[in-house]
1. State the Kirkwood hydrodynamic radius of the chain in Å, one decimal place, computed from all pairs of distinct Cα atoms.
2. Rounding to the nearest 10 and keeping the result within 0 to 90°, find how far the Cα-based axis of helix 169-180 lies from the longest principal axis of the chain.
3. With angles folded into 0 to 90 degrees, how steeply does helix 282-298 sit against the dominant principal axis of the chain? Use alpha carbons for both and round to 10.
4. Can you put 106, 146 in order, fewest other beta carbons within 10 Å first?
5. Per DSSP H run of n ≥ 4, the term is -39500 (n - 2.57); total these for the chain, divide by its residue number, and report the mean residue ellipticity at 222 nm rounded to 500 deg cm²/dmol.
6. Among 61, 179, which comes first, second and so on when ranked by fewest other beta-carbon atoms within 10 Å?
7. Bin width 10 Å, origin at 0, all Cα-Cα pairs of the stretch 69-161: what percent of pairs per bin?
8. Note the angle between two axes, namely the Cα long axis of helix 223-234 and the longest principal axis of the Cα atoms of the chain, as a number of degrees from 0 to 90, rounded to the nearest 10.
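What follows draws every value from the coordinates through simple rules; no lab data is involved. Computed from a predicted model, the values in this text were never measured in an experiment. All Cβ positions, even for glycine, are placed from backbone atoms using ideal geometry, and neighbour counts span all protein chains on display.
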């Protein structure tokens with residue numbers, strides 16, 4: 001069972017959902033890809049996590065813009081336009097009678113290889129496209145415990161941190177180290193030692209009524225992160241994307257993380273230091289309400 005920002009309630013309906021694989025809708029127990037797929041062999045591909053709310057895909061354009069930008073960067077041709085892909089995602093949800101409380105994992109790999117080898121000239125056919133929809137509602141969780149890990153975010157000339165790639169070993173290593181330390185997530189620094197992001201969410205602090213987050217240079221361009229920054233600006237909450245150190249984190253009045261699945265989740269402790277009151281703070285609570293209202297505007301009920 002997932003914990004922290006990815007904690008959810010089990011739903012028996014997920015055992016029989018239809019999974020989309022290259023145009024076909026296949027019952028979950030039978031949904032398989034080849035051992036020669038680039039995603040399995042090499043982690044060669046990109047993914048998106050999306051939400052279906054009131055029958056509508058939340059922030060669809062932002063997710064697809066990020067996906068197609070990532071695919072172009074690594075020269076993967078998906079074989080369909082964003083509009084066509086959006087229609088396939090909706091078709092998959094409709095086939096499962098899904099309208100609300102749904103999390104979707106969209107995966108695009110470079111496709112099949114004729115032999116296990118990294119060069120794209122070993123590929124045959126087109127990309128592999130998988131859409132996994134699940135009935136999945138975030139469970140209320142206690143404020144998080146974070147632990148600063150030794151695994152740093154890399155620079156764009158190693159593996160661009162703006163890629164939402166299938167190759168997640170650096171984040172997995174950070175997750176494992178945090179788990180071994182008894183924490184919910186790992187707080188990751190950038191190559192210069194400034195705070196960058198968490199292993200699966202984006203990180204914010206509140207200091208003197210100001211909301212701070214990293215420069216964004218060494219983290220994924222998060223959709224929820226961007227929406228929270230925009231909400232701050234629209235509602236006269238001072239917000240800054242900047243470099244800051246752990247010293248400034250430890251003395252913050254509040255801290256929270258953001259992500260597509262969990263929205264905004266408060267942070268209680270970091271590296272054994274209690275952050276502010278060690279619970280949901282006033283600014284975080286306000287931003288939570290603003291974000292929930294944004295979701296309702298984005299995906300209004302019919």
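1. 20.2 Å
2. That works out to roughly 50 degrees.
3. Computed tilt is about 30 degrees.
4. Details: 106 22, 146 27.
Ranked by crowding around the Cβ, least crowded first: 106, 146.
5. So the helix-based figure for the chain works out to -8000 deg cm²/dmol.
6. Ranked by crowding around the Cβ, least crowded first: 61, 179.
7. 12, 28, 30, 25, 5
8. Taking the Cα atoms of the chain, the angle to 223-234 is about 40 degrees.
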